[in-house]
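Asks: Pasting in a structure now, in structure tokens, and then I'll have a few things to ask.
The values are calculated or read from the model by the stated rules, or taken from the named source; none is laboratory data. Remember, predicted model here, so these are calculated numbers, not experimental data. All Cβ positions, glycine included, derive from the backbone under ideal geometry; neighbour counts span all protein chains shown.
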Amino acid sequence: MDSGNRSNAADIRAAFSKTLRMFWIGLLGIAMVACGGGDRRVDVAAKEGILLIGNGAEPMSLDPHLVTGVPENRIISALMEGLIAYHPTDAGEPEPGVAESWEHNEDFSTWRFKLRDTARWTNGEPVTAGDFVYSWERILSPALGSQYAEMLYVIENAQAFNEGKIDDFDQVGVKAIDDRTLEVKLTGSTPHFLSMLKHYSFFPVNPRVVEQFGGMTERQNRWSTVENYVGNGPFTLKEWVTNQIIRTEKNPQYWDADRVKLNQIHFFPIENVNSEETAFRAGRLHVTSTVSPDRIPSFRKTMPEQLRIDPYLGSYFFRLNVTRKPFDDPRVREALNLAVDRQLLVDRVTQGGQAPATGFTPNGLDDYPPLDRVRFNPERARQLLAEAGYPGGRGFPKSEILINTSEAHRKVAEAIQAMWRQNLGIDVGIYNQEWKVYLDSQSNLDYDISRAGWIGDYPHAMTFLEIFTTGNGNNDTGWSNSTYDSLIQEAQASDPEKRLQLLRQAETILLEELPVVPIYWYTRTYLLDERVEGWHPTLLDNRPYKYVSFG
Amino acid sequence: MLKFIALRFLQGILVLLAIYALTFVLVAMTPGSPFSGERAIRPEVLAQIEAYYGYDKPFFERFWTSLSNAVQGEFGPSAVYANRSVTEIISESFPVSIQLGLVSLMVALLIGIPTGILAAVKRNSTLDYVPMSVAMIGICLPTFVLGPLLALVFGLMLGILPVSGWYGPTYMVLPAATLGLYYAAYFARLTRGGMLEMLNQDFVRTARAKGVAESTIVWKHCLKGGLIPAITFLGPAVAGIIAGSFVVETIFQIPGLGQWFVRGALNRDDFLILGLTVLFAALIVLMNLVADIVHVALNPRLKYE
């Protein structure tokens, strides 16, 4: 029996190890097929002129009038083009797009665009002025419910039309003089209108195609699916496999096709930042959408050539709920501001090359140097807090910092919590909420202190300062100041120089009253293959793909 | 037997209805809207969008519309992904999850069952202790540790296997191994337990006494009974592998259902959450039904009642 047992076990073991061996051989075989020539995907793609981009997320749609996010913008920038195109390096400079030339009246309130003869949709039709009128009517139609329709409120009567106060689109300040001439009347003098035109909310859609697949105001219009998509950009949509790949190819009908050097761009919607990093290191991506902040110090050492840190027009700050005690007291708000050592925070905590904020509007704007009013001054902070009735932090009401769930936000909040404890003697708690709950809490003013960020829609201080006017949906602090409101309102209707002056006055008020704690100005950190050429930092992360190439 | 199946089927339908109602209530009660974002949405615009998706209707009317549509297999549009319907999303990603699930199941069975049998036959030897300890580690090691570990070794260090995407058989290896090894560990332990129980039965002693070859005892007399625990677990395992592949899908960038489930919840994409919950629930109910039937068929001590 003994021997029998052993031989049986040996049989089974043999059978088992055979199965296992076959499994491993199978695996190995598959693996060898996989390696093929041994070339990495990025190497082959670079030779073929294919750019592989990590896109961060699956786009919610590719319809420029329905989307709101950055991942969508990255793809739509390849597929569509507005009147004005992106400049290869400078976010503020206009580049001719569908419009070959433009003129404006003396006070920048009426603009006339000459559309180029050679601008074509991918179905061969010419891009006309009428297409733009249709497109802007579409995004402003109340029934479509476009979240970015607000961007077009700069156009005369656009707001009234979008709010349903007028039904006749002829009253809105956009007119096709003829097929190639578009006239736009604005609510006031707007010299930075050309910069705004680079935003996808101003992009055209093909009216015939939109009508064919569901009509102007149908949210579930099928025109923007991969089968039906008609664009006018340097690239054309070829394949869209959800959560996997969006493949675009050079558009031969594009008016500036000679300049387009890449043959294809593939976008990979990899949401997990670590998976994206693995994909990059395994040679499957040329560009990542971002990098994990805690990996930056290691990248600085191990792959400094690939790590890119670009300026980005955004402001990271805390909101203070001024409807609650003790934040209704400006002295407390100033004390909280003065007790934050922002330089230490960006050096030790965020480590992504961010600039410590000295004002609210970030640096990087040519015509608007940042204000320098928010400084680290713990003595003055303690003094102010004592004046407010909390000497040494004694008696300071229990309060908490609200963050949306994220390690990076928690680290910043913990650092500031420690600074306040050390410099002011106050103890604030930190609690996190899931993203959508956090958004609700913030807009219902159901918080004491709340972490926030704001990214500019176009390169102008207005996009940062207008949010703190009374009743603005993005104010979310309960702060209201009539002088501030009137300065912003006046600025909206002033000539460029006056406007900047007024905005500086307004921001000065904001920084005296401090319903916010500005913390740092953003950078964009990502990994980029060294072979990619013509990939320049742009302040708004715009993507002028037509200038990108492999050396 | 038909009566048994019919009864269990009816039970299943009731369970699904209850799950649907419960999910609907929970989704309606959850704070946050599918349409909110960092940038505030104007109230007029929000009203338009809500009306479009029927959020302006009273609760019970919404529930009734949603349920009667669902019965017809129509779960409505995604509230977040413009111009995609829930049915489209499911039909696109479900096949991927099934493929990944089946391959992972193969891995789990091919590794788990033989290991379990071997460990039972050679119990209390190295061939028992080593695989069973490894299996214990396998059960304890979460997929979000094992996945990146495998990706690091086979993808980055050895460079022989792709680490992200879903373009062919090679792309299945690492995710299927990650997902399959976890269940292989379960199957190994269950098979070992089942086999041990059988090997200790009186009839086995009798057979041995009569001089029946040990291989015949293991393969012919014990295997069928010894596999019952593993087969009972097969139903939940299939459902679990297909529904629970979220982590693996995220790590290896696989366009399956799991990612949608989590994203649907994070986005408050109500219709998508409902559709996927019902799908997963139906899958689990169905798999349990199949497991029950097979279980009774294999085990002469049980009857369909």
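Asks: Where in region A:244-357 are there strands (runs of 3 or more DSSP E), lying fully within it, with 3 or more residues that are under 26 Å from the mean Cα position of the chain (by Cα) and among the aromatic types (Phe, Trp, Tyr)?
Replies: Answer list for region A:244-357: A:307-320.
This table checks each residue for (1) over 27 Å from A:Phe468 (Cβ atoms); (2) of a type outside the set (S, T, N, Q); (3) surrounded by 18 or more Cβ atoms within 10 Å (Cβ to Cβ); (4) touching a helix residue (DSSP H, G or I) at 6+ places or on another chain (Cβ under 8 Å).
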| position | (1), (2), (3), (4) |
| --- | --- |
| A:Gly364 | no, yes, yes, no |
| A:Asp367 | no, yes, no, yes |
| A:Leu371 | no, yes, yes, yes |
| A:Arg380 | no, yes, no, yes |
| A:Gly389 | no, yes, no, no |
| A:Glu400 | no, yes, no, no |
| A:His409 | no, yes, yes, no |
| A:Ile416 | no, yes, yes, yes |
| A:Gly425 | yes, yes, no, yes |
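Asks: Please go through region A:67-84 and give me each residue that is modelled with pLDDT under 95, surrounded by 18 or more Cβ atoms within 10 Å (Cβ to Cβ) and either among the hydrophobic types (A, V, I, L, M, F, W, C) or not in a helix (DSSP H, G or I) (or both), ordered by number.
Replies: A:Val67, A:Thr68, listed by residue number.
Asks: Can you confirm whether region B:50-64 contains a residue that is at pLDDT 90 or above, more than 10 Å from chain A (Cβ to nearest Cβ), surrounded by 14 or more Cβ atoms within 10 Å (Cβ to Cβ) and within 26 Å of the chain's Cα centre (by Cα)?
Replies: no
Asks: Output the residues belonging to region B:256-275 that are surrounded by fewer than 24 Cβ atoms within 10 Å (Cβ to Cβ) and either within 13 Å of B:Glu88 (Cα to Cα) or of a type in the set (Lys, Arg) (or both).
Replies: B:Arg263, B:Arg268
Asks: Do we have B:Ala108 as modelled with pLDDT under 90 and crowded, with 23+ Cβ neighbours inside 10 Å here?
Replies: So B:Ala108 does not fit the description; no.
Asks: Mind checking which residues of region A:139-168 are part of a helix (DSSP H, G or I) and farther than 22 Å from A:Trp102 by Cβ? Quick ask: steps written out before the conclusion?
Replies: Filtering region A:139-168 down to residues part of a helix (DSSP H, G or I) leaves A:139-140, A:142-144, A:149-154, A:158-162.
If the condition is that a residue be part of a helix (DSSP H, G or I) and farther than 22 Å from A:Trp102 by Cβ, then A:Pro142, A:Ala143, A:Leu144, A:Ala149, A:Glu150, A:Gln159, A:Ala160, A:Phe161, A:Asn162 are the ones that fit.
Asks: Please specify each residue of region A:209-236 satisfying the condition of being within 30 Å of B:Gly54 (Cβ to Cβ) and outside any loop (DSSP other than H, G, I, E, B).
Replies: A:Val209, A:Val210, A:Glu211, A:Gln212, A:Arg222, A:Trp223, A:Ser224 - these are the residues of region A:209-236 that are within 30 Å of B:Gly54 (Cβ to Cβ) and outside any loop (DSSP other than H, G, I, E, B).
Asks: Among the residues of region A:529-537, are any under 26 Å from the mean Cα position of the chain (by Cα), part of a strand (DSSP E or B) and either at pLDDT 95 or above or under 29 Å from A:Met80 (Cβ atoms) (or both)?
Replies: yes
Asks: Something else: If the Cβ limit is 8 Å and pairs must be 6+ apart or interchain, which residue in region A:118-141 that is under 19 Å from A:Glu163 (Cβ atoms) and touching a residue at least 24 places away in the same chain (Cβ under 8 Å) pairs with which residue that is β-branched (Val, Ile, Thr) and part of a helix (DSSP H, G or I)?
Replies: A:Arg138/A:Val210
Asks: Something else about it: Has region A:330-350 got at least one residue that is in contact with a Pro (Cβ under 7 Å, 6 or more places away or on another chain) and surrounded by fewer than 21 Cβ atoms within 10 Å (Cβ to Cβ)?
Replies: There is at least one residue in region A:330-350 that is in contact with a Pro (Cβ under 7 Å, 6 or more places away or on another chain) and surrounded by fewer than 21 Cβ atoms within 10 Å (Cβ to Cβ).
Asks: Within region B:139-154, identify whether any single residue is among the small types (Gly, Ala, Ser), within 12 Å of another protein chain (Cβ to nearest Cβ) and either within 25 Å of A:Glu58 (Cα to Cα) or in a helix (DSSP H, G or I) (or both), and answer yes or no.
Replies: Scanning region B:139-154, I find at least one residue that is among the small types (Gly, Ala, Ser), within 12 Å of another protein chain (Cβ to nearest Cβ) and either within 25 Å of A:Glu58 (Cα to Cα) or in a helix (DSSP H, G or I) (or both), so the answer is yes.
Asks: On to the next question. Kindly list, by first and then second residue, each pair from a residue in region A:55-72 that is more than 8 Å from every other protein chain (Cβ to nearest Cβ) and closer than 12 Å to A:Ser289 by Cβ to a residue that is surrounded by fewer than 21 Cβ atoms within 10 Å (Cβ to Cβ) and among the hydrophobic types (A, V, I, L, M, F, W, C), limited to pairs with Cβ atoms under 6 Å and residues at least 6 apart or on different chains.
Replies: A:Pro71/A:Ala57
Asks: Can you tell me which residue among A:Val226, A:Val260 is in contact (Cβ under 8 Å) with a residue 40 or more places away in the chain and more than 10 Å from chain B (Cβ to nearest Cβ)?
Replies: Criteria check complete, one pass: A:Val260.
Asks: Which count do you get for residues in region A:410-438 that are part of a strand (DSSP E or B), more than 18 Å from A:Val332 (Cβ to Cβ) and hydrophobic (A, V, I, L, M, F, W, C)?
Replies: Result for region A:410-438: 1.
Asks: Give the residue, chosen from B:Val238, B:Val248, that is in a helix (DSSP H, G or I), away from chain A (no Cβ under 12 Å) and buried (at least 22 other Cβ atoms within 10 Å of the Cβ).
Replies: B:Val238
Asks: Would you mind stating whether A:Phe327 is more than 20 Å from A:Phe468 (Cβ to Cβ) and either in contact with a Lys or Arg (Cβ under 8 Å, 6 or more places away or on another chain) or crowded, with 22+ Cβ neighbours inside 10 Å (or both)?
Replies: no
Asks: Output the residues belonging to region B:19-46 that are surrounded by fewer than 16 Cβ atoms within 10 Å (Cβ to Cβ), free of Cβ contacts under 8 Å to residues at least 24 places away in the same chain and part of a helix (DSSP H, G or I).
Replies: Hits for region B:19-46 are B:Leu22, B:Val25, B:Leu26, B:Met29, B:Pro43, B:Glu44.
Asks: Please work out which residue is farthest from A:Leu83 (Cα to Cα), limiting yourself to region A:140-168 and to residues that are more than 14 Å from every other protein chain (Cβ to nearest Cβ) and buried (at least 17 other Cβ atoms within 10 Å of the Cβ).
Replies: Kept after step one, since they are more than 14 Å from every other protein chain (Cβ to nearest Cβ), are these residues of region A:140-168: A:154-157, A:167-168.
Now restrict to residues that are buried (at least 17 other Cβ atoms within 10 Å of the Cβ): A:154-157.
Values: A:Val154: 16, A:Ile155: 15, A:Glu156: 18, A:Asn157: 21 Å.
Selected residue: A:Asn157.
Asks: Test each condition in (1) over 30 Å from A:Phe280 (Cβ atoms); (2) away from chain A (no Cβ under 11 Å) for B:Gly211 and report the one that comes out false.
Replies: Of (1) over 30 Å from A:Phe280 (Cβ atoms); (2) away from chain A (no Cβ under 11 Å), only one is false for B:Gly211: (2).
Asks: Do you know which of the residues in region B:82-96 that are touching a residue at least 12 places away in the same chain (Cβ under 8 Å) and crowded, with 23+ Cβ neighbours inside 10 Å is farthest from B:Ala176 (Cα to Cα)?
Replies: The extreme case among them is B:Val86.
Asks: Can you pull out the residues in region B:19-47 that are at the interface with chain A (Cβ under 7 Å from one of its Cβ atoms) and among the hydrophobic types (A, V, I, L, M, F, W, C)?
Replies: B:Ala40, B:Ile41, B:Val45 - these are the residues of region B:19-47 that are at the interface with chain A (Cβ under 7 Å from one of its Cβ atoms) and among the hydrophobic types (A, V, I, L, M, F, W, C).
Asks: Is it the case that A:Trp240 is in a helix (DSSP H, G or I) and under 22 Å from A:Thr122 (Cβ atoms)? Break it down stepwise before answering.
Replies: On the way: in a helix (DSSP H, G or I): no; under 22 Å from A:Thr122 (Cβ atoms): yes.
No, not satisfied.
Residue-by-condition table, conditions (1) farther than 29 Å from A:Thr477 by Cα; (2) modelled with pLDDT under 90:
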| residue | (1), (2) |
| --- | --- |
| B:Tyr20 | yes, no |
| B:Leu26 | yes, no |
| B:Ile41 | no, yes |
| B:Asn69 | yes, yes |
| B:Pro95 | yes, no |
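Asks: For region A:438-465, give me each residue that is over 19 Å from A:Thr68 (Cα atoms) and either within 13 Å of another protein chain (Cβ to nearest Cβ) or more than 21 Å from the chain's Cα centre (by Cα) (or both).
Replies: A:Ser441, A:Gln442, A:Asn444, A:Leu445, A:Asp446, A:Tyr447, A:Asp448, A:Ile449, A:Ser450, A:Arg451, listed by residue number.
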